[in-house]
Amino acid sequence: MIEVQHVTKRYGPVTAVDDVSFRVDSGQILGFLGPNGAGKTTTMRILTGCASATEGQAFVAGYDVFEEPVEAKRRTGYLPETPPLYPDMTVREYLAFAARINGIRSVAQRERVAAAMARTNVEDVADRHCGKLSKGYRQRVGLAQAILHNPDVLILDEPTAGLDPKQIIETRELIKELAGDHTIILSTHILPEVAQTCERVVIINKGRVVAVDTPENLTGRLRGSETIRVQLDPRGADETAVVQAATVPNVSNVTATPTQDGLVTLEVQCEKGADVRSEVARAVITSGWGLLELTSMRMSLEDIFLELTTSEEPREEDAEAPEATDA
Ligand SMILES: Nc1ncnc2c1ncn2[C@@H]1O[C@H](COP(=O)(O)OP(=O)(O)OP(=O)(O)O)[C@@H](O)[C@H]1O
Ligand SMILES: [Mg+2]
């Protein structure tokens, strides 16, 4: 439904996007994750026909974005990093205007605008000027604008940036609702966002794709061993809990740290894939320790993201690649 094949974009000496390829199947949500300057916006602008590519091909809903731009754009809804709202128009006027630009016939305009406003929950500000909206409402009106013409594909550049936690949850829910009917790419540098919203993740760094996978596989892939943390109340018990925990099969290491309130935290490391929680719990309870808490410390997406995006510099031959004239 969305296909990017070996897309490269150079701005003079800057390679913003470097041989990027990925695809998003129909109805899927793909998270485009990367630090500042990674090339997310550039890739999205290329997909929406707002920027050219120096090399490569891209298809949206079966149309080549470079060869058949009108057809491709008709099937694409785009929420840019900064929603392009006109401050002096009311929300309703602005959406009607956007509907006209999108070629929605006047008979259908009113209905489409009403449907988009209902979907994005902006009806209560319909007659307010866009310039007077809060950041969250601006973002939602931007989203309403993107879905007006019921496009097959939605390209959302940081749809939850600057929103408060409640709005973030609402926007995530809305995006999830929109998937299925729409194929969606959303960019973000907020990691929980991809874990909670997206079925697949493309991690991009310095213009290059460094990983494409499901959020679950990404967390699993880089996990060498697993750790569980156990909070214990040692009062009235002997010290054998640590020893007992260490003798549980598949446990490779146990460290005990006393905490200020007289409790003890155990960090129990075990072999990858082994679930030692119930046996560790049994071992410490048998030793007479109070078991207050037991948590599995999976390697978080944060850890993975850092591991993937703080790796080596670009290879020398790439740095010396000839500059393109396309800008
Ligand atoms: N019009 C332009 N002219 C020159 N360089 C540009 C232009 N647009 C983007 N770049 C450069 O391309 C690189 C990628 O930028 P891009 O905006 O795509 O990153 P991003 O992943 O969206 O970052 P952010 O998370 O900050 O939004 C950056 O080095 C940026 O400076
Ligand atoms: Mg960006």
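The values are calculated or read from the model by the stated rules, or taken from the named source; none is laboratory data. This one's a predicted model, so the numbers in the text were calculated from it and none came from an experiment. When we count neighbours, we look across all protein chains shown, and the Cβ atoms used for this are built from the backbone with ideal geometry, even at glycine. Side chains included, ligands, DNA and RNA excluded: accessible areas come from the protein's heavy atoms. Shrake-Rupley method; radii C 1.70, N 1.55, O 1.52, S 1.80 Å.
Right, Gly49: closer than 25 Å to His189 by Cα, more than 16 Å from ligand 2 (Cβ to nearest atom), within 17 Å of the chain's Cα centre (by Cα) and assigned by TED's automatic domain parsing to the domain that holds Glu177 or not?
The answer is no for Gly49.
Considering every residue within the range 66-82, establish whether at least one is open to solvent by less than 30 Å² (accessible area, probe 1.4 Å), more than 16 Å from ligand 1 (Cβ to nearest atom), under 22 Å from Val122 (Cα atoms) and in a loop (DSSP other than H, G, I, E, B).
For the range 66-82, residues open to solvent by less than 30 Å² (accessible area, probe 1.4 Å), more than 16 Å from ligand 1 (Cβ to nearest atom), under 22 Å from Val122 (Cα atoms) and in a loop (DSSP other than H, G, I, E, B): absent.
With (1) away from ligand 1 (no atom under 16 Å from the Cβ); (2) part of a helix (DSSP H, G or I); (3) more than 17 Å from Lys176 (Cβ to Cβ) as the list, and Arg140 as the residue in question, which single condition is left unmet?
(3)
Step by step: first the residues of the range 80-95, then only those that are at pLDDT 95 or above and hydrophobic (A, V, I, L, M, F, W, C), then the one that is nearest to His182 (Cα to Cα). Which residue is that?
Within the range 80-95, the match that is nearest to His182 (Cα to Cα) is Leu95.
Hey, could you check the range 1-13 for residues that are part of a strand (DSSP E or B) and farther than 16 Å from Arg75 by Cβ and say which is nearest to ligand 1 (Cβ to nearest atom)?
Within the range 1-13, the match that is nearest to ligand 1 (Cβ to nearest atom) is Tyr11.
Can you confirm whether Lys40 is in contact (Cβ under 8 Å) with a residue 24 or more places away in the chain and over 18 Å from the mean Cα position of the chain (by Cα)?
no
Suppose we filter Ala58, Ala38, Ala16 for residues that are modelled with pLDDT of 95 or more, within 16 Å of ligand 2 (Cβ to nearest atom), open to solvent by less than 60 Å² (accessible area, probe 1.4 Å) and not in a helix (DSSP H, G or I); which single one remains?
Ala16
Inspect the range 128-143 for any residue being within 16 Å of ligand 2 (Cβ to nearest atom) and in contact (Cβ under 8 Å) with a residue 24 or more places away in the chain and give the result as yes or no.
yes
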